[in-house]
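Take a look at the structure below.
Nothing in this text is a laboratory measurement; each read-out follows from the coordinates by a stated rule. Note that the structure is a prediction, hence the values are computed from the model and not measured. In this analysis, Cβ positions are derived from the backbone assuming ideal geometry, glycine residues included, and neighbour counts consider all displayed protein chains.
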Amino acid sequence: MPHDLPSDPADHRASRPRRVLGPAILFLLPALLFLAVFLLYPAAYSVVRSLYDASGARFVGFDNYAHMFTDDRTLTAIRNTGIWVLVAPALVTGLGLVFAVLTEHVRWATAFRVLLFMPMAISLFASGIVFRLVYDENPGRGVVNAAMVSVHDAFSTPSEYPGAAPREAFLLPDTTLGGFSGTHTHEPGRVVELPMVGVRPDDLPEQASPASVPEPADPFDNAVRGVVWLDVDLDGDPGVLDDGEYGMPRMTVQAVQDGRVVASTTTGDDGRFTLPRTPPGEYTIHLAADNFTEPFRGLTWLGPTLVTPVLISSWVWIMTGFAVTFIAAGLTAIPRDALEAARVDGATEWQVFRKVTIPLLGPLLLVVFVTLTINVLKIFDLVFVIAPGSVQSDAGVIALRMWQVSFGAGGDQGLGSALVVLLMVLVLPIMYFNIRRFRRERP
Amino acid sequence: MTTPAKKSPSVVEVSVTGAPRRGTAARLVGALGSGALRLLLITVALLWMVPLMGLLLVSLRSGADNTNSGWWTVLLKPTELTLANYQGLVQDGVVLRSFLNTVYISVPSTVLVVGIGAMAAYALVWLDFPGRDWIMVAVVGLLVLPVQAALIPISRLYGALGVFGSITGAILFHVAFGLPFAVFLLRDFFVGIPRDLLEAARMDGAREWRIFRKVVLPVSRPALASLAVFQFLWVWNDMLVALVLTSPDSAPLTVALRSDLRQFGTNVDVLASGALLSMLVPLLVFFVFQRHFVQGAFATSPR
């Protein structure tokens, strides 16, 4: 580290040779030219340009700024940038601190930190593609949804017959209970035939066997019998159980009385069911909604509502390694004596962390936080790559919006420049912070 | 806590009766804790690895396989692995040219930033002239100026000068925006160079340029390497500047691959292998120059 080398600023100022302008200009000229042409002039130009209209011909005063805060997409971008700034740097600084502390005494800490650091070396474009894949909505491609689906299906069996429906003459969709309810009422002892459509014969469960109408139950049993089968149109009559038609196994059938489920059972391999001990009186047959729910396919991560959290998570993946490494370096610089002294005084490890480590790390954490904030304000590629075209307006941030407005269709460089000025205003406090720090620490 | 026991041998002797049991319990808790800690860290490490794994495996499977099943299934069916996507990529003229463009843009801008930045930092540290401190303050301030600020003005300027869409234009832009960081990082290092080293050369009558070349640059190699690594990666990974300032003929990889984004679902194989190709060089640089990279990252803000 350069700081370790002996140097006394005061000393070397006193005896510095006064060579004045000549060589200094030659050494500095290229850099100053670049900075003037590519940084200072554009910054000034942007301020002026933001006061003119799209074509740059007409002076419009602050119209572009007014437009900026009334245009929906631009307003969304400003709001999203706000969310980013509030959430992302704090999150990464916190994670960095946690991982730095946790790995402090782990033997493979270096390997761990290198692994976390690696994403910072690759382009945001490539990281974007990585996360576009990770969060792909299709559980056959996106690993997050694949994991969610397998966890979900482990706890609740996926329904057997999504898309299936009974013939309307027998059962109709039930708006209160979900699923389907009978059009007629029955009394115990009856046999109920429930023809279903909407499932391809090949999609029936393997154990399904040919269906047949059961014998009516003994009237004293109070049981209701019936059959649920796949009513194939081709050979037979609709609504009639023909030879060679298959039962639908594991269908949940219920008896409903006065809007309440009073009995419930599931069908066998041949589609037959028996509802035992049905209370006397009239009731309707109900096929539970569970039978027909579409399978769980995970979440639409890249949709309008979740896209910003998803984007932030991918940025966390990229930047956490930086914070960890930075903070870990700070941790090793904390004098052991300070920690030991606190421990000898009987402080618990948590107290040592809270009362000694954190205050000593404070300035460093602030620097990490500020650096991350600058990074967040400039985010462009991530949103550009991860958010699908249709969601980009919901995911937009100022840096992206500025590009779209200025260089996209119907380019409005007046509004674009106003957005640039907004960005510059946002980095101004950071600029001030850095300069003050710089002047204080290097007299 | 067991720390007092470690502090002095006398404490251990005094607490011989009570301490061992507590020690065992504490050790047990400690072992459980470190087991949980290890588990947590391994989980985190996996979380960090799986996304890249996914990209790698997708790039190594055919488009049809990627449509039919998730990349993780290849772990059970390793026969699906193929280099076909990469063969396609290498034969693709556009990809190859944009790869070369990326090299043509990042190498010169790295060399220029290091050279020009070192000269400026030398003047700011070792020469005295009016306004020196103000220039340094300006450099620190410009460190955080967003690239966006220059896109509109510079694209207009380039249009007027006729360099719009050229590789040179992209290089100059990157050099300019790399300079504040370069000057900042190198100044920090130059300040630490022992003055005697320079004084000795001056006694011998060496001119400033000679001192700079023969004394300062050689001893600053670590700092120059950090800067070079960082600048190189920054330019290599850039997308925004290239998006605005390059034409199809001069576009780097990131911009060339961008057109494939629109049909994301159907051509993940092309995109994944392309993204991996673009990552190859940065990852190589990262692992070879890791120390310099970390040093460079540390210098990204005033401390």
Seminar exercise, completed: Rounded to the nearest whole number, the Stokes-Einstein translational diffusion coefficient of chain B at 37 °C and 0.692 mPa s (Kirkwood radius, C-alpha pairs) in µm²/s is 138
For this session: Could you check what % of the DSSP bridge pairs in chain A are antiparallel, to the nearest 5?
Result: 80
Seminar exercise, completed: So, relative contact order of segment A:165-291 in percent, Cα under 8 Å, 6 or more apart, is 29
Exercise. Give me the log10 of I(q) over I(0) for the protein assembly as shown at q = 0.05 Å⁻¹, as the Debye formula computes it from C-alpha points; what are the numbers?
Worked result: -0.39
Seminar exercise, completed: Candidates A:Leu365, A:Leu95, A:Leu40; GNM for chain A (alpha-carbon contacts under 10 Å) flags as most fluctuating A:Leu40
Exercise. Which helices of chain A meet both criteria: a Cα extent of 30 Å or more along the helical axis and a mean Kyte-Doolittle score no lower than 0.0, with helices taken as whole DSSP H segments?
Worked result: A:72-102, A:307-333, A:413-441
Exercise. Where does the protein assembly as shown land at 222 nm, in deg cm²/dmol rounded to the nearest 500, when only DSSP H runs of n ≥ 4 count, each adding -39500 (n - 2.57), divided by all residues?
Worked result: -18500 deg cm²/dmol
Seminar exercise, completed: Checking A:Ile312, A:Ile398, A:Ile25 against a Gaussian network model of chain A (alpha-carbon springs below 10 Å), the top fluctuating residue turns out to be A:Ile25
Problem set entry | Three principal axis lengths of segment A:290-443 [C-alpha, angstrom, descending] | 65, 61, 18
Seminar exercise, completed: Taking Cα atoms only, Rg over Rh for segment A:84-127 with Rh from the Kirkwood formula is 1.05
Problem set entry | All aspartates and glutamates inside 18 Å of A:Lys378 as judged from Cα atoms, apart from same-chain residues fewer than 8 positions distant | A:Asp394, B:Asp238
Problem set entry | Most mobile listed residue (A:Phe407, A:Phe34, A:Phe273) in chain A, GNM with C-alpha springs under 10 Å | A:Phe34
Problem set entry | Cα-based radius of gyration of segment A:165-291 once divided by 2.2 N^0.38 Å, which approximates compact folds | 0.98
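To the nearest 20 debye, what is the magnitude of the charge dipole of the protein assembly as shown about its Cα centre, counting +1 on the Cβ of each Lys and Arg and -1 on the Cβ of each Asp and Glu? All intermediate terms of the calculation are to be shown ahead of the outcome.
Working: 55 positive and 58 negative charges, 1189 e Å.
It comes to approximately 5720 debye.
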Seminar exercise, completed: Cα-based Rg and Dmax for segment B:38-153, in Å, come out at 24.1, 70
Seminar exercise, completed: Per chain A, sqrt(5λ) over the Cα gyration tensor eigenvalues, sorted largest first, in Å, gives 69, 31, 18
Exercise. Within chain B, which DSSP H helices have Cα atoms that stretch 27 Å or more along the helix axis and a mean Kyte-Doolittle hydropathy of at least -0.5?
Worked result: B:19-59, B:93-126, B:167-191, B:268-288
